[in-house]
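S.K.: Take this structure, written in structure tokens, and hold onto it; I'll ask about it next.
The values are calculated or read from the model by the stated rules, or taken from the named source; none is laboratory data. Note that the structure is predicted; figures quoted are calculated from it, not measured. Here Cβ is always computed from backbone atoms with ideal geometry, including for glycine, and neighbour counts include all displayed protein chains.
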Amino acid sequence: MPSKPKKFPAAELKIHESKRDIGAEILQSIKDMKAGRGKVVLSSATEAREATGLSQSQFASLLGVSVRTLQGWEQGRKQPSGAARTLLAIAKSNPKAILAVSAQ
């Protein structure tokens, strides 16, 4: 998960923002992406699902959650509960085990 942005006092934030060139920052980001200088951060839910080779709908069904809930986990908008975190950890470390249970 990305680190939290630094908090500035209001006056300091205003000064900082006034010096930014958003257009240049966006262009630089595009250049970096095209050059392959970027990193994709996957959530633990995405890593677990990809380890199983299942689609979002298949994996959500396996876990007993809605696709929307799984998408929230994968996008970092929501955090899985304790039991769901445990299932995701099992799916990530031993995808065959969770697939074997789903086949029963």
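S.K.: For the range 39-50, which residues satisfy the criterion of being surrounded by 11 or more Cβ atoms within 10 Å (Cβ to Cβ) and of a type outside the set (Lys, Arg)?
M.R.: Across the range 39-50, the qualifying residues are Leu42, Ser43, Ser44, Ala45, Thr46, Glu47, Ala48, Glu50.
S.K.: Which of the residues spanning the range 60-71 are assigned to a helix (DSSP H, G or I) and of a type in the set (S, T, N, Q)?
M.R.: Ser61, Thr69, Gln71
S.K.: Can I ask one more? Could we say that Lys78 is touching a Gly at 6+ places or on another chain (Cβ under 6 Å) and under 30 Å from Gln104 (Cβ atoms) here?
M.R.: yes
S.K.: Going by what's in this entry, would Ala24 be described as loosely packed, with under 10 Cβ neighbours inside 10 Å, at negative phi and of a type outside the set (D, E, K, R)?
M.R.: Yes: the conditions hold for Ala24.
S.K.: Based on this model, can you work out whether Leu62 counts as closer than 22 Å to Ala97 by Cβ and either loosely packed, with under 13 Cβ neighbours inside 10 Å or modelled with pLDDT of 95 or more (or both)?
M.R.: Here the answer is no, as Leu62 does not meet what is asked.
S.K.: I need the full set of residues from the range 72-84 which are surrounded by 13 or more Cβ atoms within 10 Å (Cβ to Cβ) and part of a loop (DSSP other than H, G, I, E, B), in order please.
M.R.: Gly76, Lys78, Gln79, Pro80, listed by residue number.
S.K.: How about the range 60-84: which of its residues are touching a residue at least 12 places away in the same chain (Cβ under 8 Å) and closer than 18 Å to Val41 by Cβ?
M.R.: Leu70, Gln71, Trp73, Glu74, Gln75, Gly76, Pro80
S.K.: For the range 22-40, does any single residue satisfy the condition of being in contact with a helix residue (DSSP H, G or I) (Cβ under 8 Å, 6 or more places away or on another chain), among the hydrophobic types (A, V, I, L, M, F, W, C) and modelled with pLDDT of 90 or more?
M.R.: Checking the range 22-40: not a single residue is in contact with a helix residue (DSSP H, G or I) (Cβ under 8 Å, 6 or more places away or on another chain), among the hydrophobic types (A, V, I, L, M, F, W, C) and modelled with pLDDT of 90 or more.
S.K.: Specify the residue that is farthest from Val101 (Cα to Cα); the eligible residues are those in the range 1-21 that are among the charged types (D, E, K, R) and exposed (fewer than 10 other Cβ atoms within 10 Å of the Cβ).
M.R.: Lys19
S.K.: Determine the pairs where a residue that is assigned to a helix (DSSP H, G or I), located within the range 30-59, has a partner that is of a type in the set (Ser, Thr, Tyr) with Cβ atoms under 9 Å apart, the partner being 6 or more residues away or on another chain.
M.R.: Hits for this filter: Ala48/Ser93; Arg49/Ser55; Ala51/Ser93; Thr52/Ser102; Gln58/Thr52; Gln58/Ser102; Phe59/Thr52.
S.K.: Quick check, is Gly53 surrounded by fewer than 10 Cβ atoms within 10 Å (Cβ to Cβ) and at positive phi?
M.R.: So Gly53 fails the test.
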